[in-house]
Amino acid sequence: LSAGGGGVVAVAALRAGAIYAATDADAAVLALLQENVARNAAAARFKGTFALRWGDDHAAALDALGGPLDVVVVADVAFPGTKSEWPTLARRLRDVGAGARILYGHTTRYVADDRRFFRLLREAGLAETRLEVADLPEKVSLYELSVARAEGA
């Protein structure tokens, strides 16, 4: 979700052997990603780019992506310009991430915003675990998100 970064994550995942599809709401971001993948990665495993807004129907999105996902990678989506959409994003992550490993790269800008963002994730039924990764920049963290199991499940 939210390709961003010009396709750095896509190129790294493809070079590591993944079958990869990328989504973003911004057509220009998707075009840049497509171009960078063509130049830098194994295009045969690249399933393409898909325009997807956080509020779009998740069932249709999963169908377009080829069914349930093994891994969902989310890159730096919690910034001030997206605050109004955080509840929608949290629900979308829960819906598309059920049964998948969700990796979320996060940059801390404002601690109060972080608290709000992670609270919204928990309210949507997601649990977060901060992963210890050496040599990340000071304000960058990697989390694994999981869809919380209902009690008794």
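The values are calculated or read from the model by the stated rules, or taken from the named source; none is laboratory data. Only a predicted model underlies this, so the values are computations on that prediction, with no experimental measurement involved. Counting neighbours? That spans all protein chains shown, and the Cβs are built from the backbone with ideal geometry, glycine included. We work out accessible area using only protein heavy atoms, side chains counted, and drop any ligands, DNA or RNA first. Shrake-Rupley method; radii C 1.70, N 1.55, O 1.52, S 1.80 Å.
Odds and ends about this structure:
- Odd one out for G99 among (1) of a type outside the set (S, T, N, Q); (2) in a helix (DSSP H, G or I); (3) touching a residue at least 24 places away in the same chain (Cβ under 8 Å); (4) surrounded by fewer than 13 Cβ atoms within 10 Å (Cβ to Cβ): (2)
- Looking only at the range 71-94, residues that are assigned to a helix (DSSP H, G or I) and either open to solvent by 40 Å² or more (accessible area, probe 1.4 Å) or not charged (D, E, K, R) (or both) come to 14 in all.
- Residue in the range 99-111 that is modelled with the lowest pLDDT, counting only those that are of a type in the set (A, V, I, L, M, F, W, C) and within 13 Å of the chain's Cα centre (by Cα): A100
- Residues of the range 13-30 that are loosely packed, with under 12 Cβ neighbours inside 10 Å and closer than 20 Å to L52 by Cα: A27, A28.
- In the range 23-44 there is no residue matching the filter, namely being out of contact with any helix residue (DSSP H, G or I) (no Cβ under 7 Å at 6 or more places or on another chain), free of Cβ contacts under 8 Å to residues at least 12 places away in the same chain and under 25 Å from R119 (Cβ atoms).
- V9 being at pLDDT below 80, under 13 Å from the mean Cα position of the chain (by Cα) and among the hydrophobic types (A, V, I, L, M, F, W, C): yes
- Out of D56, D135, D114, sole residue that is free of Cβ contacts under 8 Å to residues at least 40 places away in the same chain, in a loop (DSSP other than H, G, I, E, B), surrounded by 12 or more Cβ atoms within 10 Å (Cβ to Cβ) and more than 14 Å from the chain's Cα centre (by Cα): D56
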